[in-house]
1. Say whether the condition of being crowded, with 20+ Cβ neighbours inside 10 Å, among the aliphatic types (A, V, I, L, M) and either within 21 Å of Glu141 (Cβ to Cβ) or modelled with pLDDT under 95 (or both) is met by at least one residue in the range 90-106.
2. Got at least one residue in the range 30-52 being out of contact with any Pro (no Cβ under 8 Å at 6 or more places or on another chain), at pLDDT below 95, charged (D, E, K, R) and surrounded by fewer than 21 Cβ atoms within 10 Å (Cβ to Cβ)?
3. Looking only at the range 79-89, how many residues end up being surrounded by 18 or more Cβ atoms within 10 Å (Cβ to Cβ) and closer than 21 Å to Pro149 by Cα?
4. Is it the case that some residue within the range 133-150 is in a helix (DSSP H, G or I), under 13 Å from the mean Cα position of the chain (by Cα) and of a type in the set (S, T, N, Q)?
5. Find all pairs meeting these conditions: Cβ atoms under 7 angstrom apart; at least six residues apart or on different chains; first residue within the range 122-138 and charged (D, E, K, R); second residue surrounded by 14 or more Cβ atoms within 10 Å (Cβ to Cβ).
6. Regarding Glu74, is this residue more than 11 Å from the chain's Cα centre (by Cα), under 23 Å from Lys133 (Cβ atoms) and among the acidic types (Asp, Glu)?
7. Quick check on this structure: which one of Arg12, Arg19, Arg23, Arg29 is of a type in the set (D, E, K, R), over 30 Å from Leu120 (Cα atoms) and free of Cβ contacts under 8 Å to residues at least 12 places away in the same chain?
8. Given the residues Arg12, Arg26, Arg19, which is the only one that is of a type outside the set (Ser, Thr, Tyr) and at pLDDT below 95?
Amino acid sequence: MKPTTLLKGQHRKVIAALRKMERGKRDLRLELLEEISNDLAAHLHIEQELFYPAIAHLDADLIQEGYEEHALAELALKRLRDTEVGAEAFRPRCVALRELLEHHIEEEEEVLFPKVERALDEDELAALGARMKARFEDALEQGFEALVPEAMTQTSADVSKSHLEGPEGLERYLSEAELH
């Protein structure tokens, strides 16, 4: 499976769950919030750990923007998780998270993914997709709490980007990613 196909499927699942949660009752919201939290954390994790480093050379500015959008989405999710599902602020925070993600998804799918599919051959796409799918399952099993820093001042994007800093950061990060 191509990594872009895998990511598009994950995008659709999270957006659909967020829309459902916006309209849902308390019990459904609680169930969906946990599912969305785990799915989104695992999704962000594989993009930051495997996908972005593998394609960073294609559009470094767009990748950096992607990390920042991940950080904002993660902070929005943390705020949502910190809100009582029956509170007046819950639905607006859910809508804000969905809208942030929709903007990010649109850029990825319309700008970044076509570049990836043009630049990588079928074997490279298949290998990257397989690594990402396997890592997603592992990350999903770990769950939100294990993947996302607890503090509101730090996100998983910050942690991932710190590996890229310095003259040999990308090579170091790629070699670490291959070990997973």
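1. Scanning the range 90-106 turns up no residue that is crowded, with 20+ Cβ neighbours inside 10 Å, among the aliphatic types (A, V, I, L, M) and either within 21 Å of Glu141 (Cβ to Cβ) or modelled with pLDDT under 95 (or both).
2. yes
3. 1
4. No - not one qualifying residue is present in the range 133-150.
5. Arg131/Leu50; Lys133/Leu6; Arg135/Ile46; Arg135/Glu49; Arg135/Leu50
6. When the stated conditions are applied, Glu74 does not pass them.
7. Arg23
8. Result of the check over Arg12, Arg26, Arg19: Arg26.
The values are calculated or read from the model by the stated rules, or taken from the named source; none is laboratory data. Here the structure is a predicted model, which means the values were calculated and not measured. Ideal geometry is used to build each Cβ from the backbone, glycine not excepted, and the neighbour counts take in all protein chains shown.
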